[in-house]
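Step one of this worksheet: look at the structure below.
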Amino acid sequence: MEPNRSRQATLNDLIDRIFDKGILLNTDLIISVAGIPLLGVNLKLALAGMEKMLEYGIMKDWDEAQRAVASQEAEMKGPSLGENENTIFSMFGTHWYSKGIYNSWRAGTVYITDKRLIMFRKMPAEILLEISYEKIKAMTIREREHFTGKKRQELHILSKDEEIIKLHTNDTFLLKQALEDILKNKKFSLEDNQSFPEKKEVQGDFLYPEEEVFNSGKIWYQMPFTSEGSVRYVWKPGHLYLTDKRLCWWYDFEKKLIFTVPTAEILHVTVHDVPFGSVLVQGKSLIVMYKEEMENKVVCFHDDETSLREWEKVIRELIKGHGDGKNTETCPRCGRKAPKENLLENGCSRCGWVSYRIKGEGGTNRDVGCVR
């Protein structure tokens, strides 16, 4: 092939030539300094469309392997069913997977067969979830905020092993109804007024043994630092946790606890106007007063006012229980101590015990769980 030059050639002409003929480059390059060879480069490059590559036998093994995988995936349209097992209902959805350090919503197809509930992912082929109907203890639908900022419905399934399975579909109510119908046909009954304890996900490994998280969430913290011999403050994003032992703030960027105080040392909590950010935008902040040794100190957290009011309520309920033993009660089933009012109205978040007052309210199924 003789090289030629065309001043009218465009980028499209170059791409067409590459796909039609291809480019083969074979060159040796020696880099010298002051006449002394230092680096040697042996370069062999083939650039062409896949059709031309395969025509000349290049990348043939890769193409055959990819075609074999694609053929296998096309054949596997659904999960492998057992003998005499039939699919009754199916729909696309997501399943919350949380094992070790990996936490994610995994997409797949939910299958309700006449023997079990399955969630199957086609590529790569894998069964993400499998549970037989006799192991389902209770079900409920809960509204949760998605990372997009929108609220959505999730189906929470409580197994007899006390494991909570979370599913989401475009029509979560339809999925719940389909499961209830098959359970009814199989003569499996669900427990009413069953507590679904919320497992609070923590960002780091800092919890003590048997320490229980009451409330958690993303929040800004007014972090102190020293500059030119004086103490200054800067707002940093992180996660605030309230447990049965302490209030602590986890700094996401440095992945460590920056602030922690025992709940018994918290004196007062309120929501008040505090300038936020470097431009001093006026907004609400959560002010927590606590005792450290013989000195009273104050710490500030910032979020939207609705969230701050919830934090204020939860912390006040907890420190009120610490203030005098009269406001603290013990769960009759597991012995966990909690504020009396919260235990009677919401039940025990550890073992799921529910007061007869709640059970007697017309037989309705109430969401009973951790302090929110």
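Computed values, structure above
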item	result
Local net charge near LEU47, Cβ-Cβ under 13 Å (Lys/Arg +1, Asp/Glu -1)	+3
Interchain or long-range residues, amide H under 5 Å from PHE259's placed H	TRP249
Net charge, ALA107 excluded, C-beta distance under 11 Å - Lys, Arg +1, Asp, Glu -1	+3
Proximal charge balance of LYS297 [Cβ under 14 Å; K/R count +1, D/E count -1]	-3
Relative frequency of Cα-Cα separations exceeding 16 Å in region 213-323, percent	59 percent
Inter-label distance for THR226 and ARG67, nm, one decimal - labels placed 7 Å from Cα along Cα-to-Cβ	7.1 nm
Extension gain (nm, one decimal) between GLU55 and ILE31, 0.36 nm per residue minus Cα-Cα	5.1 nm
Pair LYS44, LYS187: separation of 7 Å Cα→Cβ label points (nm)	7.4 nm
For region 213-323, size of Cβ-based charge dipole, Lys and Arg +1, Asp and Glu -1, in debye	160 debye
Spacing of the two label points (7 Å from each Cα toward its C-beta) at ARG316 and LYS137, in nm	3.4 nm
Among the listed pairs LYS21/LYS44; LYS297/LYS320; LYS150/LYS245; LYS255/LYS297; LYS150/LYS320; LYS160/LYS184, those beyond 26 Å (Cα-Cα)	LYS150/LYS245; LYS150/LYS320
Global form of region 104-189, assessed from the alpha-carbon gyration tensor, a/c cut-off 1.5	oblate
Highest average packing first - 248-255, 43-50, Cβ atoms within 10 Å	248-255, 43-50
q = 0.29 Å⁻¹, region 11-73: log10 I(q)/I(0) [Debye, one scatterer per Cα]	-1.11
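None of the figures in this text is laboratory data; all of them are computed from the coordinates on show. Please read all numbers here as calculations on a predicted model, not as lab measurements. We place every Cβ from the backbone using ideal geometry, glycine too, and count neighbours over all the protein chains shown.
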